[in-house]
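Structure first, then comments.
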Amino acid sequence: MLTDRLGAIRHLPVAEYPSPKDAVATFLRAEAPGIRPTAAVLAVAAPVEGETVRFTNSPWVIEAAELRAAFGIEYVVLVNDFEAVAWALTALGPEDVRPVGAG
């Protein structure tokens with residue numbers, strides 16, 4: 001099923017998983033049992049260099065190619081978390097925003 005809506009959000013502590021693959025596997029088992037996604041976007045709090053993310057505060061390294069191979073996902077896109085927020089701004093409607101401050 002294709003959708004342009006945001007799916008399940010889970011916060012998985014990095015320290016509880018030896019690798020990004022383990023965390024993704026846990027997420028898929030919990031949120032999409034029996035479903036094999038065809039595309040994934042991972043917003044990460046670290047610099048993205050092409051298809052690789054090396055965390056500054058963790059030993060994790062995320063490789064998009066490794067996730068594609070491990071889970072059979074056709075498209076894997078890695079973006080910085082600030083970039084993800086910026087991309088989301090165009091989808092906001094009046095009901096999604098609140099005034100801050102006066103004037």
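The values are calculated or read from the model by the stated rules, or taken from the named source; none is laboratory data. Just so you know, these numbers come straight off a predicted model, no measurement behind them. Here the Cβ is made from the backbone with ideal geometry for all residues, glycine too, and neighbour counts use every protein chain on show. Surface accessibility is based on the protein's heavy atoms, side chains included, excluding ligands, DNA and RNA. Shrake-Rupley method; radii C 1.70, N 1.55, O 1.52, S 1.80 Å.
Each Cα pair under 8 Å and six or more residues apart adds its sequence gap; the mean of these over the residue count of the chain is a relative contact order of 25 percent.
Accessible area per residue for the chain, computed on protein heavy atoms with a 1.4 Å probe, is 76 Å². Helix 20-31 and the long axis of the chain differ in direction by around 70°, with both axes built from C-alpha atoms. The modelled label-to-label distance for the pair residue 43/residue 82, using points 7 Å beyond Cα in the direction of Cβ, is 1.4 nm. This structure gives Rg/Rh (Cα atoms, Kirkwood Rh), computed directly, and of (1) 0.95; (2) 1.04; (3) 1.01 that value is listed as (3). For the range 10-57, the share of accessible area belonging to carbon and sulfur comes to 54 percent (1.4 Å probe, ligands and nucleic acids excluded). Computed from the C-beta positions of residue 22 and residue 54 and an R0 of 25 Å, the FRET efficiency is 0.90 to the nearest 0.05.
Which value at 222 nm does the chain reach when only helices count, each DSSP H run of 4 or more adding -39,500 (n - 2.57), with the total divided by all residues and rounded to the nearest 500 deg cm²/dmol?
Mean residue ellipticity at 222 nm (helix-derived): -8000 deg cm²/dmol.
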